[in-house]
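Okay, so here's the structure we're looking at.
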Amino acid sequence: MRPGASPAPHAAIAPPLLVAAIRGKNEESTHLVHAVVARDDGSLVAAYGDPARKTFPRSAVKSIQALVLVESGAADAFGFTPAELALACSSHCGSPLHADTARGMLAKAGLDPAALECGAHWPSDDACARALARTAEPTALHNNCSGKHAGFLAAARHLGIPTAGYVATDHPLQARVTAALAEVTGVRFSAADRGTDGCSIPTWRIPLSNLATAFARIGTGRGLPAGRGETFARLRAAVAANPLLLAGEGRFDTRVTEACGPRVFVKSGAEGVVCASVPAAGIGIALKAEDGALRAAEVAMAEMLLRHLPAPTPEERALLCDLHAPSLKNWNGTQVGFLAMRVTGPA
């Protein structure tokens, strides 16, 4: 809380959001979503479900993990561009643009792709995967986290610490990353809350209320150590200027960033986690689909942005309304249903 400020009242807690899949005129399945909207002082603007629910944020916190790249001085020492900073915050689809950008980041740090310890997987974009399969196998460059890992390696190289084993919990680089995550979220981590992410780095369970507060701070810069607000502003500007680097063509995060620019910083994570910062409103949003369904989390985030984005432009509103009720299509491309909010609680 800012010095001299009075704590804002907490919002009443509403039931979880409910997202339904509609086929024809019938409800086929439902997803419960816990959601929190918070200010940078930790007070709650709105809460649905359990705001204290702990979850692994996974890739949703990549902008916090990218702090080590900028704060270590590595980004400036190696001349990283805004596009490269955006990739450090991304969960990309493995397109040639993404893989080539990650390769370029490593080259600037005097490293090659063999240094990456995130593992290899096929591009999540079907067209990119088919094109790659005609000539080659995927490498770690195609991993959706390769930009984050290239940033980790650059920071380790600049700091003069070992690059080998940089994904381990006890590596000095991950100690810095974990410390930054604890500072921004206000959580004191214990071993009981630690897991291992899909890209092999540590991941920590965090209450949704703390995640929402962290994303409010990402947008306002308040409640952070000196200079960290400027670092987040730099990362947010890099992402806003390079929406394709954040995710990929047609992906939720990229579409929101294309439409809203710097007014919304949004980042998805695995297992139905989506977080966002709305700087003009001074709020952060964090939500988790109880069953891990990202499709439900995206619908719920569109709902939250429609409620809390100040004075949305016609273009922003049109995009969010589209994402708020996405079509379900069969293999012939025919619309056979849609997703929709069923229980949304008080506005």
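Structural remarks
- Between GLU258 and ARG130, the modelled label-to-label distance comes to 2.0 nm, taking each label 7 Å out from Cα in the direction of the beta carbon.
- Each of ARG222 and ALA52 was given a label point 7 Å from its Cα along the Cα-to-Cβ line. The distance between the two points is 2.6 nm.
- Available extension along the chain between ASP291 and ASN26 is 93.3 nm, counting 0.36 nm per residue and deducting the alpha carbon span.
- For the chain, with +1 on Lys and Arg beta carbons and -1 on Asp and Glu, the positive-most of GLY160, GLN335, LEU208 along the dipole: LEU208
- Along its first, second and third principal axes, ordered by size, the chain spans 60, 56, 40 Å in Cα coordinates.
- The slack between ARG205 and ALA280, meaning 0.36 nm per residue of separation minus the straight C-alpha distance, is 24.2 nm.
- Cut-off 12 Å between beta-carbons: net charge of the residues surrounding GLU249, Lys and Arg +1, Asp and Glu -1: -2
- Per-bin percent of Cα-Cα distances, segment 192-271 [5 Å]: 3, 14, 19, 19, 22, 18, 5, 1
- Accessible area per residue for segment 117-161 is 44 Å², calculated with a 1.4 Å probe on protein heavy atoms, without ligands, DNA or RNA.
- Averaging Cα coordinates gives a centre for segment 89-127 and one for segment 145-177; these two points are 16 Å apart.
- Checking every one of the trypsin sites (Lys or Arg not before Pro) in segment 209-311 against DSSP loop status and a limit of 16 other Cβ atoms within 10 Å picks out ARG222.
- Per-residue Karplus couplings for segment 18-31, computed as 6.51 cos²θ - 1.76 cosθ + 1.60 with θ equal to phi - 60°, are listed in order as 10, 10, 10, 9, 9, 10, x, 10, 10, 6, 9, 7, 9, 10 Hz, Gly and Pro entered as x.
- Spherically averaged projected area in nm², based on the convex hull that wraps the Cα atoms of segment 81-167: 5.2
- Bridge type composition, the chain - antiparallel percent by DSSP, nearest 5: 95
- In segment 219-343, the C-alpha radius of gyration followed by the widest Cα-Cα span (Dmax) gives 15.2, 55 angstrom.
- Element breakdown for the chain at a 1.4 angstrom probe: carbon and sulfur atoms account for 53% of the accessible area.
- Enclosed volume per residue, in Å³, of the convex hull spanned by Cα atoms of segment 51-131: 133
- Set the Cα radius of gyration of segment 36-180 against 2.2 N^0.38 Å, with N its number of residues, and you get 1.15.
- The chain: relative contact order as a whole-number percent, Cα under 8 Å and 6+ apart: 24
- Solvent-accessible heavy-atom area per residue, rounded to whole Å², over segment 296-347 at 1.4 Å: 52
- In terms of its Cα atoms, segment 134-274 spans 49, 40, 31 Å along the principal axes, sorted from long to short.
- The phi torsions of segment 40-57, fed into the Karplus equation with coefficients 6.51, -1.76 and 1.60 and a -60° offset, translate into couplings of 6, 8, x, 6, 9, 8, 7, 8, 10, x, 10, x, 8, 4, 8, 8, 6, x Hz, rounded to whole numbers, with Gly and Pro shown as x.
- Restraint check, LYS25/LYS329; LYS62/LYS329; LYS54/LYS148; LYS108/LYS267; LYS25/LYS288; LYS148/LYS267, Cα-Cα greater than 20 Å: LYS62/LYS329; LYS54/LYS148; LYS108/LYS267; LYS25/LYS288
The values are calculated or read from the model by the stated rules, or taken from the named source; none is laboratory data. Computed from a prediction, not measured in an experiment: that's the story for all the values here. A quick note on method: Cβ atoms are made from the backbone with ideal geometry, for glycine too, and the neighbour counts reach across all protein chains shown. What goes into the accessible areas is simple: the full protein's heavy atoms, side chains included, and nothing from ligands, DNA or RNA. Shrake-Rupley method; radii C 1.70, N 1.55, O 1.52, S 1.80 Å.
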